[in-house]
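The values are calculated or read from the model by the stated rules, or taken from the named source; none is laboratory data. Not measured: the values here are computed from a predicted model. Counting neighbours? That spans all protein chains shown, and the Cβs are built from the backbone with ideal geometry, glycine included. Remember, those area values only see protein heavy atoms, side chains included, never the ligands or the DNA or RNA. Shrake-Rupley method; radii C 1.70, N 1.55, O 1.52, S 1.80 Å.
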Amino acid sequence: MMKTILENPLLKNQCYINGKWVGAKSGQVKLLRNPANNEVLVDIPQLSREEIKYAINAASHAMVGWRELSGKQRSLYLRKWFDLVQAHRDDLASLIVFEEGKPFVEALAEVDYAASFIEWFAEEAKRVKGDVMAPPQAGSRIIVLKEPIGVCATITPWNFPAAMITRKIAPALAAGCTAIAKPAQQTPLTAFGLAFLAEKAGIPAGVFNVVTGKASDIGDEFTSNPIIKKISFTGSTEIGRHLIQQSAQTIKKVSMELGGNAPFIVFNDADVEKAVEGLIATKFRNTGQACISANRVYVQEGIYDAFIQVLKDKVGKLKVGNGFDKTVQQGPLIDTSALEKVEEHIADALKKGANLVQGGKRHGLGGLFFEPTVLSGVTQNMLVCREETFGPIAPVIRFHSEADVVKMANDTEYGLAAYLFSKDAERIWRVSAAIESGMIGINTGAISNEVAPFGGIKESGLGREGSIYGMDEYLELKYLAWHGAGENKLKEGEN
Ligand code: ADP
């Protein structure tokens, strides 16, 4: 039997600022609910703008000592943090299930994914390197150094409450920056749990801080405060655009992981079973609430009927329920508006001529549960194709040719992820070159890992996270023009 939330050793419901656990001075709190049963878990502090300012100042003071450490010293702190996250895998996963609702197995996978960023950037911390360049004039040197950008602020969503934080905080800390994280209102407990483990790892006070409160107040302070040099955001394109606009005033560097509208393309020559499995992995994981979830499923006409049949069978067998039941494969949606959006998308598709193949309504369990759904005969003008659904609907569209499907796939302002299923290598190259997207899964629905650069093009974002490129988002270049440094003529005399 799973421990209750109150027995979880990582349970904290205070903010972590300058190495101390604090509530709001005003005493203001917000209740946190479990999406699986609407049970109140704990209350969460609502900090004032002054308290956010205090956290920013603390991070600024902490940076003096943190940036002076060697990369290897910072690496050791991160390594300890990684070890503790691993040791508390089940506890962190429980916090995720409690506040976010995903199945326990998926929550464990998220903890591993989250930990992989801490491990990766602990390694990368030792490998920051600059350059020495050949100058245009003789007798000098051009030296390029990489330096931590400064105090960073991160704003993250509820759908991956652990991984979205470590993917930003680990590279920031590795680079020598300090950071203040604002988790989503729905999922602060995982963030507090991660901070608690960072504290146990000995990461010095003020280096990593977690604050909660009214999102727009915190966002306004982060973007207007001149101490903050970098904003890293994951969330909707709408809020991302707003944060970029706000950050323009003080010219902050920004990284943005925004919305998606991923096409999932299956060609006649694909393995239908594998394609359906890949689709289920990317579409129904986290109840379809991921920015890289397949949003539109394009299937070529030669295998269209067979694909729908296999998909219907497999989706019809997915077990829905409370994430703590180890046999459950799909949890609840996050809130009522998410549920209503799913209903709106289905109603719009059916009104415009789509067919309901599987599911289509609220689940018999009630609450925020929804049946895994398959629609066929979907067309480009339906909301399921135009907008990011963020729910468990697989809308299937029939297509004729490569040229047709690429045109439809690119007909969106988004460009985060895309998926192709085919056995023809030449076709894979051709179509991959034509698809406008930052990431393409080829014969797989699983593209996220710490080694690969995660990020989008078009209105899906700016910058990349994870990988050997992820740390550059937290580093600045400084170039030294050193005249006389290239003078190689040896001295003849004693000096
Ligand atoms: P989602 O649909 O995933 O909730 P949002 O973009 O609304 O996407 O939220 C992502 C994160 O942005 C959350 O932490 C949320 O609290 C935060 N957020 C929402 N509005 C603002 C705002 N005006 N300023 C700063 N952060 C915000």
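Have a look at ALA215, ALA195, ALA205, ALA201 and point out the one that is within 16 Å of the ligand (Cβ to nearest atom), modelled with pLDDT of 95 or more and out of contact with any strand residue (DSSP E or B) (no Cβ under 6 Å at 6 or more places or on another chain). Explain how you work it out, then say what you get.
Details: ALA195 fails: out of contact with any strand residue (DSSP E or B) (no Cβ under 6 Å at 6 or more places or on another chain); ALA205 fails: within 16 Å of the ligand (Cβ to nearest atom); ALA201 fails: within 16 Å of the ligand (Cβ to nearest atom).
The match here is ALA215.
Can you tell me which of THR190, THR287, THR223, THR234 is within 30 Å of PRO395 (Cα to Cα), in contact with a helix residue (DSSP H, G or I) (Cβ under 7 Å, 6 or more places away or on another chain) and at pLDDT 95 or above?
Values: THR190 fails: within 30 Å of PRO395 (Cα to Cα); THR287 fails: in contact with a helix residue (DSSP H, G or I) (Cβ under 7 Å, 6 or more places away or on another chain); THR223 fails: within 30 Å of PRO395 (Cα to Cα).
Sole residue among the options that is within 30 Å of PRO395 (Cα to Cα), in contact with a helix residue (DSSP H, G or I) (Cβ under 7 Å, 6 or more places away or on another chain) and at pLDDT 95 or above: THR234.
Could you say which residue among LEU76, LEU95, LEU84 is open to solvent by 20 Å² or more (accessible area, probe 1.4 Å) and touching a Leu at 6+ places or on another chain (Cβ under 6 Å)?
Numbers: LEU76 fails: touching a Leu at 6+ places or on another chain (Cβ under 6 Å); LEU95 fails: open to solvent by 20 Å² or more (accessible area, probe 1.4 Å).
Sole residue among the options that is open to solvent by 20 Å² or more (accessible area, probe 1.4 Å) and touching a Leu at 6+ places or on another chain (Cβ under 6 Å): LEU84.
Which residue out of ASP411, ASP424 is within 23 Å of ASP271 (Cα to Cα) and either at pLDDT 95 or above or open to solvent by less than 60 Å² (accessible area, probe 1.4 Å) (or both)?
Only one candidate passes the filter, namely ASP424.
Filter the stretch 326-345 down to residues that are part of a loop (DSSP other than H, G, I, E, B), touching a residue at least 12 places away in the same chain (Cβ under 8 Å) and open to solvent by 70 Å² or more (accessible area, probe 1.4 Å) and give me whichever is nearest to GLN185 (Cα to Cα). Talk me through it step by step, then tell me what you get.
Within the stretch 326-345, the first condition is being part of a loop (DSSP other than H, G, I, E, B), and the residues that meet it are 326-329, 331-335.
Now drop any that are not touching a residue at least 12 places away in the same chain (Cβ under 8 Å), which leaves 326, 328-329, 331-335.
Within this subset, residues satisfying the condition of being open to solvent by 70 Å² or more (accessible area, probe 1.4 Å) are 326, 329.
Working: LYS326: 26, GLN329: 25 Å.
Result: GLN329.
Restricting attention to the stretch 170-189, and to residues there that are over 18 Å from GLU119 (Cβ atoms) and part of a helix (DSSP H, G or I), which single residue is nearest to the ligand (Cβ to nearest atom)?
This residue is PRO188.
Evaluate the following for ASP131: is it over 30 Å from GLU68 (Cβ atoms), more than 16 Å from the ligand (Cβ to nearest atom) and without any contact (Cβ under 8 Å) to a residue 40 or more places away in the chain?
Working: over 30 Å from GLU68 (Cβ atoms): no; more than 16 Å from the ligand (Cβ to nearest atom): yes; without any contact (Cβ under 8 Å) to a residue 40 or more places away in the chain: yes.
Considered against the rule, which asks whether it is over 30 Å from GLU68 (Cβ atoms), more than 16 Å from the ligand (Cβ to nearest atom) and without any contact (Cβ under 8 Å) to a residue 40 or more places away in the chain, ASP131 comes out as no.
Starting from the stretch 92-119, keep only residues that are under 27 Å from ILE468 (Cβ atoms), then list their pairs with residues that are surrounded by fewer than 21 Cβ atoms within 10 Å (Cβ to Cβ) whose Cβ atoms are within a distance under 6 Å, requiring at least 6 positions of separation or different chains.
From residues that are under 27 Å from ILE468 (Cβ atoms), the pairs are VAL111/ARG89; ALA115/GLN86.
GLY323: out of contact with any Phe, Trp or Tyr (no Cβ under 6 Å at 6 or more places or on another chain), more than 30 Å from HIS400 (Cα to Cα) and open to solvent by less than 30 Å² (accessible area, probe 1.4 Å), yes or no? Spell out the reasoning first.
Details: out of contact with any Phe, Trp or Tyr (no Cβ under 6 Å at 6 or more places or on another chain): no; more than 30 Å from HIS400 (Cα to Cα): yes; open to solvent by less than 30 Å² (accessible area, probe 1.4 Å): yes.
Against the criterion (out of contact with any Phe, Trp or Tyr (no Cβ under 6 Å at 6 or more places or on another chain), more than 30 Å from HIS400 (Cα to Cα) and open to solvent by less than 30 Å² (accessible area, probe 1.4 Å)), GLY323 does not qualify.
If a residue must be small (Gly, Ala, Ser) and either assigned to a strand (DSSP E or B) or closer than 30 Å to GLU119 by Cα (or both), how many such residues does the stretch 461-495 contain?
So in the stretch 461-495, the residues small (Gly, Ala, Ser) come out as 461, 463, 466-467, 470, 481, 484-486, 493.
Next, only the ones that are either assigned to a strand (DSSP E or B) or closer than 30 Å to GLU119 by Cα (or both) stay: 461, 463, 466-467, 470, 481.
Number of matching residues: 6.
Just one of GLY441, GLY445 is at pLDDT 95 or above and open to solvent by less than 10 Å² (accessible area, probe 1.4 Å); which is it?
Details: GLY445 fails: open to solvent by less than 10 Å² (accessible area, probe 1.4 Å).
Testing whether each residue is at pLDDT 95 or above and open to solvent by less than 10 Å² (accessible area, probe 1.4 Å) leaves just GLY441.
What is the one condition in (1) more than 16 Å from the ligand (Cβ to nearest atom); (2) surrounded by 24 or more Cβ atoms within 10 Å (Cβ to Cβ); (3) part of a strand (DSSP E or B) that ILE142 does not satisfy?
In the conditions (1) more than 16 Å from the ligand (Cβ to nearest atom); (2) surrounded by 24 or more Cβ atoms within 10 Å (Cβ to Cβ); (3) part of a strand (DSSP E or B), ILE142 misses (2) alone.
Check whether at least one residue in the stretch 252-274 is within 9 Å of the ligand (Cβ to nearest atom), without any contact (Cβ under 8 Å) to a residue 40 or more places away in the chain and either open to solvent by 10 Å² or more (accessible area, probe 1.4 Å) or part of a strand (DSSP E or B) (or both), and report yes or no. Even if it seems obvious, please write down each step before you answer.
First, the residues of the stretch 252-274 that are within 9 Å of the ligand (Cβ to nearest atom): 258-259.
Checking which are without any contact (Cβ under 8 Å) to a residue 40 or more places away in the chain leaves us with none.
Within the stretch 252-274 (the criterion being within 9 Å of the ligand (Cβ to nearest atom), without any contact (Cβ under 8 Å) to a residue 40 or more places away in the chain and either open to solvent by 10 Å² or more (accessible area, probe 1.4 Å) or part of a strand (DSSP E or B) (or both)), the answer is no, since none of the residues qualifies.
Can you confirm whether SER70 is hydroxyl-bearing (Ser, Thr, Tyr) and buried (at least 24 other Cβ atoms within 10 Å of the Cβ)?
No; evaluated as a whole, the condition is false for this residue.
If you check LYS478, LYS458, LYS489, which single one turns out to be at pLDDT 95 or above, loosely packed, with under 15 Cβ neighbours inside 10 Å and not hydrophobic (A, V, I, L, M, F, W, C)?
Details: LYS458 fails: loosely packed, with under 15 Cβ neighbours inside 10 Å; LYS489 fails: at pLDDT 95 or above.
The unique qualifying residue is LYS478.
Among residues belonging to the stretch 218-241 that are more than 10 Å from the ligand (Cβ to nearest atom) and either open to solvent by less than 10 Å² (accessible area, probe 1.4 Å) or farther than 29 Å from ILE292 by Cα (or both), point out the one that is nearest to the chain's Cα centre (by Cα).
Filtering the stretch 218-241 for residues that are more than 10 Å from the ligand (Cβ to nearest atom) and either open to solvent by less than 10 Å² (accessible area, probe 1.4 Å) or farther than 29 Å from ILE292 by Cα (or both), the one nearest to the chain's Cα centre (by Cα) comes out as SER232.
Name the single residue that is farthest from the ligand (Cβ to nearest atom) among those in the stretch 145-162 being out of contact with any Ser or Thr (no Cβ under 8 Å at 6 or more places or on another chain) and closer than 16 Å to GLU100 by Cα.
Result: PHE160.
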